[in-house]
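Every read-out reported here was derived from the displayed coordinates using simple, explicitly stated rules and does not represent laboratory data. Computed from a predicted structure; not experimentally measured. Reconstructed Cβ throughout: ideal geometry from the backbone, glycine too, with neighbour counts over all protein chains shown.
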């Protein structure tokens, strides 16, 4: 093994050490930024995502994302994919959060589909996925709208109706 080999080995080790240092610095910085954004309400943090899938009868499919700073992103998935941005007032966000609290959303099961938390099943309905971040916790619920017959599914239906009323009132979907 010649002198050239050791020179190349030392050079490769130096480069590896520099890359590791940069990686550590960058990941520490990202971790700190993530912690800060989770602690500060008012930043662009996802609060609510309401997504409705299309069914075989062609009912509209769309997703609405509502952020803590009042910004809203709407994806209309009918015919063509269309994305629209809007904004809502803080008082409206507070009203939506209150609806989630009234429904006890964070304490509900994560799935309401045939075989999970259903008393009655009606076929050919749409499926809704709802994400909510509130009070430092978050939850996602998957709800087949044909899953009915319990207090929880009725509470979910009322919450979903409230979200759809909000979407119509704010004219988020065309």
Legend entry - Cβ-based exposure ranking for 84, 90, in which fewest neighbours within 10 Å come first: 90, 84
Inset, instruction - Work out how much length residue 54 to residue 124 would gain on full extension: take 0.36 nm times their residue separation and subtract the Cα-Cα distance, in nm to one decimal. - result: 24.2 nm
Inset, instruction - Quickly work out the residue 87-to-residue 107 label distance, labels modelled 7 Å from Cα along the C-beta direction, and quote it in nm with one decimal. - result: 3.7 nm
Inset, instruction - Counting only C-alpha contacts under 8 Å and six or more residues apart, can you give the relative contact order of the range 80-141 as a whole percent? - result: 29 percent
Inset, instruction - Write down, largest first, the equivalent ellipsoid semi-axes of the range 46-169 in whole Å, where each equals the square root of 5 times an eigenvalue of the alpha-carbon gyration tensor. - result: 23, 19, 11
Inset, instruction - Determine, for 141, 122, the number of other Cβ atoms within 10 Å of each Cβ, and report the residues in order from fewest to most. - result: 122, 141
Inset, instruction - Please report 132, 144, 67 as a ranked list, fewest other C-beta atoms within 10 angstrom at the top and most at the bottom. - result: 67, 144, 132
